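Peer 1: I have a structure here, written as structure tokens, and I will follow up with some questions on it.
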Amino acid sequence: MTSSQTPRSLMRKPPEGLFARLLDSLTDMYALVLDRDLRITYANVSFLKHFGLKWEKISGRPCKDLGTPFLGTDALQLGFCPTELSPWYPERTLMTREAQDKVYVYECTLNHLEGRRGAAWTLWSLRDVTDRFRLESRVRQMDELERNLVQASMDGIIVNDMLGNVLIFNDGAGKILGYTPEEVIGKIKVYRFYPDRTAHEIKRLIYDPTQGGVGILENYETQARHQDGSLVPIWLSARLLHEDGREVGIVGYFRDLRERRRLEMELLRNERLATLGKMVAHISHEIKNPLITIGGFAAQLGRLPDLPEDARRRLNLIYQEVQRLEKFLADMSTFTRGAPPQKTVGDLPALIREVAELMDSGFKERAVVFHFHAQGRIPPFAFDSGQIRQVLINLFKNALEAMPEGGDLTVSATVQDDDLVLKITDTGHGIPPEQLHHLFTPFFTTKPGGTGLGLTICRGLITQHQGEISLESEEGRGATCTIRLPIVSA
């Protein structure tokens, strides 16, 4: 019996069982297995179907015979058919084939396989990448104007083939997702830019006729995954790309919604604060007068000469609690009022020195040394001196309370990129990491008798100045509060 007459059951012996079923299940990979003599011992179903071959015609034949008349071209000249058995083959090569007035492009991979008792085979696998190469050709043929328009778009634009390979990734996409084109094109599949299953859902919607028509997706709100792992809200529109009636790719346009969401949350917060402010104003009016009366009588009674010491202590406690409630009402009023800043051109270094002088007795009482450094010239600019004064007083008081045994409070001011940057650093006990991200949350406090509104008020006032405030700390090593204020004229 000649090799060409060998029964298929024997020819399938090397890739039998699970391996053979696995190769037969691959619909997008065309696979051949060659024996030690480079003869065909197996061809998967996809290979036979794609090339229109019958197993009986090619089983046992040398690989080089797969040229004319089977594939319509010379297999050896293409370079994909090995001439000798070797454990080392090029990692990946490309081959082309002409058939029925069409040029096919394949990605070809050769892998050396070893079995028991010295058996050896070569797995030759092909993937049809014709559509991808056509799409890449169209991308290369874009003229300079089209390329500049794509790159200049503030929106993200991504073009991928039907296998998810990214072919175009513009600067807008890079700004939203945190990648450069060099990191993406030809290296990352498009589904990497979405949370689990989101890419599959988007592809399903593109074929949904209710979403704008088959092949069209309009203004779909979803999330994309940033390079750092965070999720970015986006508005996505997508279109199927066709060539000769075949689907060859998808172009997606997406817009970053983070700023929009921030503004929506800010608007919602302001609406809630306005409602809360009306309620607080009414409550303050009803409570404040009785509190003043209670506090006044407690102070007067506490000054009576023949008052027992225990009664004096209790009256003093009543007076302190009344003061705490009055401060809470005042903080609530400030927190909910949200009055816009009344800006006038002022000298911020002078205001810092003024507040430090106002609190000098408190510094001395706590053995805290105050330092102020202005790095370079700090120009006069527009700010609300009353609101910034309140911010400084709150932050200086927090620093004092963090240094009960004394220390240094250092304030530095400098100009960076048209912003004034203010750093307020203490040498106190610091803040535990689990508390740090809660510090600007309303009513969160770590101090006995604290209202939990001091830092929240500071953030609100700085935000109204279109500025930023942040806090850094290590437990046992003090804390630094950084404020950025835009330097603007009145």
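Peer 1: Name the residues of region 199-226 whose amide N is less than 14 Å from a point 7 angstrom out from the Cα of ASP417 along the C-beta direction?
Peer 2: none
Peer 1: Which FRET efficiency value, to the nearest 0.05, do you get for ASN316 and GLN223 by plugging their Cβ-Cβ distance into 1/(1 + (r/R0)^6) with R0 = 60 Å?
Peer 2: The computed FRET efficiency comes out at 0.60.
Peer 1: Right, another one. For region 401-406, take each phi angle, set θ = phi - 60°, evaluate the Karplus expression 6.51 cos²θ - 1.76 cosθ + 1.60, and give the result in whole Hz per residue in order, putting x for glycine and proline.
Peer 2: 5, 7, 10, x, 9, x
Peer 1: Using only the Cα atoms of region 326-429, build the gyration tensor, take square roots of its eigenvalues as a ≥ b ≥ c, and label the shape rounded, prolate or oblate: rounded if a/c is under 1.5, else prolate if a/b is larger than b/c, else oblate.
Peer 2: It comes out oblate by the Cα gyration axes.
Peer 1: Residue separation times 0.36 nm, minus the C-alpha to C-alpha distance between GLU56 and GLU271: what's the value? Intermediate results must be reported in sequence, preceding the final value.
Peer 2: Numbers: separation 215, 0.36 × 215 = 77.40 nm, distance 7.82 nm.
Here the segment from GLU56 to GLU271 would lengthen by 69.6 nm.
Peer 1: Would you mind checking which residues have amide H under 5 Å from LEU167's amide H? H placed 1.01 Å from N; only 5 or more apart, or other chain.
Peer 2: Correct list: VAL159, ASN160, ASP161.
Peer 1: Something else about it: Please compute the length gained on full extension between GLU357 and ARG260, using 0.36 nm multiplied by the number of residues separating them and subtracting their Cα-Cα distance. It would help to have the intermediate numbers written out before the result.
Peer 2: On the way: separation 97, 0.36 × 97 = 34.92 nm, distance 4.27 nm.
Taking GLU357 through ARG260 to full extension adds about 30.7 nm, to one decimal.
Peer 1: So, one more: Between GLU286 and GLU405, 0.36 nm times their residue separation minus their Cα-Cα distance comes to what? Provide the component values of the computation, followed by the final result.
Peer 2: On the way: separation 119, 0.36 × 119 = 42.84 nm, distance 4.06 nm.
That works out to 38.8 nm of additional length.
Peer 1: Next question. Could you list GLU321, GLU266 in order of exposure, starting from the residue whose Cβ has the fewest other Cβ atoms within 10 Å?
Peer 2: GLU266, GLU321
Peer 1: Please rank LEU205, LEU304, fewest neighbouring Cβ atoms within 10 Å first, as an exposure proxy.
Peer 2: LEU304, LEU205
Peer 1: Arrange LEU268, LEU48 by Cβ neighbour counts within 10 Å, fewest through most, would you?
Peer 2: Fewest-to-most ranking of LEU268, LEU48: LEU268, LEU48.
Peer 1: Output ³J(HN,Hα) for region 351-358: one whole-Hz value per residue in order, computed from phi by the Karplus curve 6.51 cos²θ - 1.76 cosθ + 1.60 with θ = phi - 60°, and x for Gly and Pro.
Peer 2: So the Karplus estimates, Gly and Pro as x, are 5, 4, 5, 5, 5, 4, 5, 4 Hz.
Only the coordinates and a few stated rules stand behind these numbers; no lab work does. Every value quoted in this text rests on a predicted model; they were computed, and no experiment measured them. Neighbour counts run over all protein chains shown; Cβ positions are idealised from the backbone, glycine included.
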